[in-house]
Every structure is written in structure tokens, then in C-alpha cells.
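Notes for the one structure printed next.
The values are calculated or read from the model by the stated rules, or taken from the named source; none is laboratory data. Computed from a predicted structure; not experimentally measured. Here the Cβ positions follow ideal geometry from the backbone for every residue, glycine too, while neighbour counts run over all protein chains shown. Accessible surface is based on the protein model in full, side chains and every heavy atom, while ligands, DNA and RNA are left aside. Shrake-Rupley method; radii C 1.70, N 1.55, O 1.52, S 1.80 Å.
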Amino acid sequence: MNDEIRKLYHLTEKCSLCPRKCGVNRLKGEKGACQIGNVLKTASINLHYGEEPPVSGETGSGTVFFTGCNMSCVFCQNYPISQLCNGNEISAEQLADKMIELQNKGANNINLVTPTHVYAQAAESIFIARQKGLKIPVLSNCGGYESVEVLELMENFIDIYMPDMKYSSNENAKKYSKINNYVEHNRAAIKEMFRQKGTLCFDKNDMAKKGILIRHLVLPNGIAGSKETFHFVASEISPDTYMSVMAQYHTANKSSQYEELNRKVTQEEYGKVLEDFDAAGLYNGWLQEL
């Protein structure tokens with residue numbers, strides 16, 4: 001175990017792996033907002049073909065869906081995993097073996113889905129897997145509510161960051177995801193991810209090998225603050241940044257309890273978002289069809 005992994009585990013002793021800083025001793029099994037103590041749980045480990053083209057490719061992305069989450073989005077489409085905590089216990093050694101299996105099956109990468117609250121175990125698994133021959137890129141597919149201190153410790157374990165930028169309003173983040181100061185933490189995290197890995201770059205087969213790919217889910221009634229997000233990315237990260245603008249929102253989990261979220265995005269709303277994307281000067285990425 002190297003120094004970064006030791007430091008990550010130390011941060012879970014009075015947990016501050018994410019900006020919530022719950023302060024519970026997860027090494028002793030105490031649970032904070034993410035509902036995960038000292039036992040790593042996964043809901044599925046499989047090849048996945050529905051990610052962005054340079055992530056899935058033809059042979060799939062080796063996705064590891066972690067149980068639990070440091071956010072509590074009322075519209076989460078994976079809430080049985082993230083909030084109901086369905087999943088199976090797995091050790092870091094076992095997860096490392098699964099990563100090797102995915103590589104042997106032709107996975108283009110190891111795609112860690114919602115890893116923020118389990119970065120310590122994830123880093124240990126990556127460390128072990130690399131000793132066993134893991135060579136494909138490792139991707140952090142996260143909600144974007146990250147600690148810069150923790151991201152610095154993850155720098156040598158992650159090749160590609162695929163964070164969400166969910167909101168441009170802390171008020172909306174608090175109301176719909178139950179977190180504080182999302183915008184400041186999210187934007188600081190995006191800057192750190194870009195410092196580490198830079199603009200997304202590709203191998204000879206057009207598969208992502210290093211960099212940052214930002215995801216942005218368009219929400220009804222402008223709740224996501226898309227225009228402000230695009231302006232931030234273009235002006236404070238880089239206009240060359242690759243973004244995935246997603247139109248797949250539908251009511252799920254508790255979102256039907258909120259009138260403003262209880263419908264799909266309209267064609268007019270989505271068209272305006274795409275106009276804002278262009279107006280910000282962004283041009284790289286993928287614009288999902290409504």
C-alpha cells in the first residue's frame with residue numbers, strides 16, 4: 001500500500017473524503033451520508049455499451065457500479081443503488097481481480113461509477129490490479145461533488161475524469177440533491193481535474209486515454225443552469241473541453257413530488273440549451289438527441 005492510499009484511508013477515519021465532511025469513523029463501520037462504512041459494495045461489474053463513443057467503443061466500458069453516494073438527488077435514476085444501497089460486498093483484492101477480468105474481456109477502460117465515497121478502496125484496488133497487469137485507462141465517473149485534497153491523492157490512480165456539472169445554483173443543489181455549496185466545490189474540482197489530466201485525448205482507435213469529459217444533464221425549467229455552466233467551462237477551463245450534454249432526464253425516484261421536475265425537458269428548452277452551448281464557444285463533445 002503506498003502513501004496516497006494510506007492517506008485516503010486516514011481521511012475515512014474521520015471521514016472527509018467529500019465536501020460533506022461527515023466526520024464519522026468509517027474504518028470502524030460508522031456510516032455518514034453515503035451510507036457506506038468500512039465494507040465496499042458494488043451493484044454490478046460488467047461491460048457497458050451506452051457511454052459516450054470514446055468511452056464504450058465497440059467492445060464496451062468496464063463499469064463498476066459502487067453502492068451508495070455522497071449526494072441524494074431526488075431525480076436519481078440509479079437510486080436503488082445510490083440511495084437504497086442495493087449491492088454485494090467485495091474486497092479490494094476481489095475488485096482488482098474483476099478489473100483484470102474486464103480487461104481480458106476487451107474493456108476499453110475501467111469505469112468507476114459513483115466512486116467518490118469509496119476512493120480509498122478504489123485506489124487500493126487499482127494499485128493491486130496494476131501489479132497484476134492492468135494497463136487500460138481508469139475512469140472516475142462521478143457526481144462532481146469532490147474534495148480537491150482527495151483528488152490530489154487520486155491523481156496517480158485516475159486517467160480520465162468524467163464528472164457531472166449538475167447545477168449553477170447552490171439553492172437548487174441544496175433543494176434537489178441535499179448538499180451545500182455544490183457550485184464552489186464542483187468548479188474547484190473541475191479545475192483540479194483539468195490541471196491533472198488536461199483536455200481529453202485519444203489513442204489510435206479514437207478511444208479516450210487521458211483527460212476530462214464533463215457531463216451535463218439538462219433539467220426542466222432551467223434548474224440545471226446550463227448557460228452559466230457552459231460559460232464557466234469555456235472561460236475558466238478551456239473552450240476545447242469535451243462535454244456531453246444529455247437530454248435523457250425523466251421523472252425517477254422522488255422527482256414526481258416536485259412540480260417543476262415532474263415532466264420531461266421540452267424541445268424548446270433543449271433547443272435553447274444547445275444554442276447556449278454554441279454561444280459559449282464550446283464545440284467538442286456529444287449533444288444527445290431529445
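What the table shows:
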| item | result |
| --- | --- |
| Angle between the chain longest axis and helix 267-279 axis [Cα atoms, degrees, rounded to 10] | 80 |
| Region 101-226: Cα Rg divided by the 2.2 N^0.38 Å rule of thumb | 1.12 |
| Gaussian network model of the chain, springs between alpha carbon atoms under 10 Å - residue of G211, G23, G143 with greatest fluctuation | G23 |
| Phi-based couplings in Hz for region 107-123 (Karplus 6.51, -1.76, 1.60; Gly and Pro marked x) | 4, 6, 6, 9, 9, 7, 9, 6, x, 3, 7, 10, 4, 4, 5, 4, 4 |
| Mean ellipticity per residue at 222 nm, deg cm²/dmol - from DSSP H runs of n ≥ 4 across the chain, formula -39500 (n - 2.57) | -9500 deg cm²/dmol |
| Average accessible area per residue (Å²) across the chain - probe 1.4 Å, nucleic acids and ligands excluded | 43 |
| Inter-part distance where region 261-276 and region 44-67 are each reduced to a Cα centre, Å | 27 |
| Portion, in percent, of the accessible area of region 107-163 that falls on carbon or sulfur, probe 1.4 Å | 44 |
| Cα-based convex hull volume of the chain per residue, rounded to whole Å³ | 113 |
| Carbon and sulfur %, accessible surface of region 170-290 computed with the full protein complex present, 1.4 Å | 45 |
| Rg followed by Dmax, in Å, when region 131-290 is reduced to its Cα trace | 16.1, 51 |
| Stokes-Einstein translational diffusion, region 190-251 - Kirkwood Rh over all Cα pairs, 1.002 mPa s, 20 °C, in µm²/s | 167 |
| Accessible area of H117 in the full protein assembly, 1.4 Å probe (Å², nearest 10) | 10 |
| No Cys partner within the rule (Cβ under 4.7 Å), the chain | C15, C18, C22, C34, C69, C85, C142, C201 |
| Lysines whose Cα lies under 18 Å from that of K21, excluding same-chain neighbours fewer than 8 positions away | K7, K31, K174, K178 |
| Between 0 and 90°, nearest 10: helix 92-104 axis offset from the chain longest Cα axis | 70 |
| For the chain: relative contact order, % (alpha-carbon pairs under 8 angstrom, 6 or more apart) | 15 |
| Average silhouette area of region 30-122, convex hull of alpha-carbon atoms, in square nanometres | 5.9 |
| 0 to 90° range, to nearest 10: angle between helix 182-197 axis and the chain longest Cα axis | 60 |
| Point-charge dipole on Cβ atoms (K/R +1, D/E -1) for the chain, about Cα centre, debye to 20 | 800 |
| Selection from T67, L261, Y9 lying farthest towards where the dipole of the chain points positive, charges on Cβ | Y9 |
| Ranking by accessible area, most exposed first, for R20, R195, R26 with a 1.4 Å probe | R195, R20, R26 |
